[in-house]
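Student: The structure under discussion is supplied below as structure tokens; questions concerning it will follow.
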Amino acid sequence: MSASAKPALLGGPPACPQPWPAWPVFDNRERQRLNAVLESGQWWFGERVREFERAYAAFQGAKFAVSCTNGTTAIEMGLRALGVVEGDEVIVPPYSFVATASAVITVGAIPVFADIEPDTLNLDPADVERKRTPRTRAVIPVHVGGRMADMDRLNALAARHGLRVLEDAAHAWGSQWQGRGAGTLGDCGTFSFQVSKNITAGEGGVLVTDHEDLADLCRSFSHCGRRKGGPWYDHDYLGSNLRLTEFQAAVLLAQLERLPDQMARREANVRVLDAALDGIPGIRRLPAEPRMTRRSHHMYILRVDEAVLGLSRDRFLEALCAEGVPASKGWYQPLYRNRVFQDAHRGPAHGIKSPLAAKGVRYDTVSCPVCEQVCRDAVWIAHPALLASESQVRQIADAVAKVAAHAAQLR
Ligand SMILES: Cc1ncc(COP(=O)(O)O)c(C=O)c1O
């Protein structure tokens, strides 16, 4: 369809008339593995969980993987294993899902927000350096959408100052930095298998690491504080119950088998989309990172330059959705704008008290200008669309071009 066609929002035909690939996907692989678990009577934390952990560690190129209930508890478990305790500061980006920062509070530490880079939307090492204090204990780079943070600079900074690095790789299944898997560049890395993610069992999470001591501590914490090889009712450490079930592991094993093909398809479609979107005035795509040797592509992110496009991001998005593009604004506010942080010093009027209450930590003056701008101008396209045929993916670019060409009428 040409860019001159009437926009769908003004009554024209949509640029993307067909449905997009459904998500989540499954086939007989999931069915057979799930049936096998049902029939086996072994529903609980057994061979399939271990098999998945081995397979996932190998997939990321890590020595160890410890599974758990979700990506949030994976971060909490990792922070505890790294020795982050009450009063420590942990530097996090404000452009993320809440778990990146709330997990820090859950373990009693203080999230400190450093800004992101405009081209990667990931933690800016220069701002991490500025926000660092003698109390900083760790840093959590988030690999937003599977695009990895600058691990060279972040690791160098961490080594200079003796900081621990936990990669929030919730979106980075299979992403690689110069051949090394996400989650293996820092001390450890965490992943989510929640239903919107590129590999899913509805819920689920995992932590990968090359350090056996960390893996053992995570296993202990996730398994009621038991010690490796210890008697069943011996609980040596503080722990919780974060175990994955055999059903989840069965589904995840099937999903992992399918992932390499899906990654290849998303990568090919992203290249098509990148090329097709180049040169549309007011639309900025994120530049490719040459140090990344494999990319997961959780969501495809564009930035809208309102002054050049002549249309606000929200109106652009409305018009794009009317064209049939599965797009959203994504994280529309920096994490620190959420009440859980804004009210942290007061504490809530109910029983779930933040460990930060009455500790003098305030977020009402925090400002990360790059993140604030990105929250105002980003557009996310959901990853299932990247599994469509090349011709259907081209329609996304047609839709963008059409909306951009009609900005004046759409205003
Ligand atoms: C960047 C990031 N970190 C952590 C999480 C938490 O994962 P989960 O939903 O599995 O707890 C998410 C989930 O969306 C996420 O996007």
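Bear in mind that the values in this text are calculations on the coordinates, not laboratory data. Everything numeric here is computed off the predicted structure, so don't read it as measured data. Neighbour counts are summed over all protein chains in view; Cβ atoms, including those assigned to glycine, are modelled from backbone coordinates with ideal geometry.
Student: Give me the angle, in degrees from 0 to 90, between the Cα long axis of helix 212-222 and the longest principal axis of the Cα atoms of the chain, rounded to the nearest 10.
Tutor: That helix lies at roughly 90 degrees to the long axis.
Student: Follow-up question, since we're still on this one. Which one, Ala99, Gly11, Val84, projects farthest toward the positive side of the charge dipole computed for the chain from Cβ point charges (K/R +1, D/E -1)?
Tutor: Gly11
Student: Listing Tyr95, Tyr332, Tyr363 from the residue with the fewest other Cβ atoms within 10 Å to the one with the most, what is the order? Spell out each step's value before the answer.
Tutor: Numbers: Tyr95 27, Tyr332 13, Tyr363 23.
Starting with the residue having the fewest Cβ neighbours, the order is Tyr332, Tyr363, Tyr95.
Student: Could you list Val403, Val379 in order of exposure, starting from the residue whose Cβ has the fewest other Cβ atoms within 10 Å? If you can, show how the numbers build up before the last one.
Tutor: Working: Val403 29, Val379 22.
In increasing order of surrounding Cβ atoms, one gets Val379, Val403.
Student: Another question about this same structure. Arrange the following residues from fewest to most other Cβ atoms within 10 Å of their Cβ: His350, His298, His223.
Tutor: Values: His350 6, His298 25, His223 20.
By the 10 Å Cβ count, ascending, the order reads His350, His223, His298.
Student: Assuming a ≥ b ≥ c are the square roots of the Cα gyration tensor eigenvalues, decide whether the chain counts as rounded (a/c under 1.5), prolate (otherwise, with a/b larger than b/c) or oblate.
Tutor: Details: a/c = 1.99, a/b = 1.32, b/c = 1.51.
It is oblate, given that a/c is not under 1.5 and a/b is not larger than b/c.
Student: Quick check on my link table: of Lys131/Lys197; Lys197/Lys329; Lys131/Lys359; Lys63/Lys228; Lys329/Lys402, which ones sit more than 25 Å apart, alpha carbon to alpha carbon? The partial results should precede the final answer.
Tutor: Details: Lys131/Lys197 31 Å; Lys197/Lys329 17 Å; Lys131/Lys359 19 Å; Lys63/Lys228 17 Å; Lys329/Lys402 19 Å.
Exceeds cut-off: Lys131/Lys197.
Student: What's the ranking of 156-165, 184-193, 64-73 by average number of surrounding C-beta atoms within 10 Å, highest first? Walk me through the intermediate numbers first.
Tutor: On the way: 156-165: 16.0, 184-193: 27.4, 64-73: 24.4.
Order by mean packing, descending: 184-193, 64-73, 156-165.
Student: For the chain, set up a GNM with springs between Cα atoms under 10 Å and report which of Leu34, Leu252, Leu386 has the largest fluctuation.
Tutor: Answer for the Gaussian network model of the chain: Leu34.
Student: Additional query: Taking the Cα centre of segment 28-255 as origin, sum charge times position over the Cβ atoms of Lys and Arg (+1) and Asp and Glu (-1), and report the length of that vector in debye to the nearest 20.
Tutor: On the way: 24 positive and 28 negative charges, 68 e Å.
The dipole of segment 28-255 has a size of about 320 debye.
Student: First check a/c for segment 4-76, with a ≥ b ≥ c the square roots of the eigenvalues of its C-alpha gyration tensor; if it is under 1.5, answer rounded, and if not, answer prolate when a/b is larger than b/c or oblate otherwise.
Tutor: Numbers: a/c = 3.46, a/b = 2.14, b/c = 1.61.
Since a/c reaches 1.5 and a/b is larger than b/c, the shape of segment 4-76 is classed as prolate.
Student: Same structure again: Towards the positive end of the charge dipole of the chain, with charges on Cβ (+1 Lys, Arg; -1 Asp, Glu), say which of Trp23, Ala156, Cys224 has the farthest Cα.
Tutor: Checking the options against the dipole of the chain, the answer is Trp23.
Student: Among 35-43, 212-220, what's the highest-first ranking by average C-beta atoms within 10 angstrom per residue? Provide the component values of the computation, followed by the final result.
Tutor: Working: 35-43: 12.4, 212-220: 20.0.
Going by the mean number of other Cβ atoms within 10 Å, highest first, we get 212-220, 35-43.
Student: Starting from the Cα of Gln333, step 7 Å along the direction of its Cβ; do the same at Arg29; then give the gap between the two resulting points in nm.
Tutor: 4.0 nm
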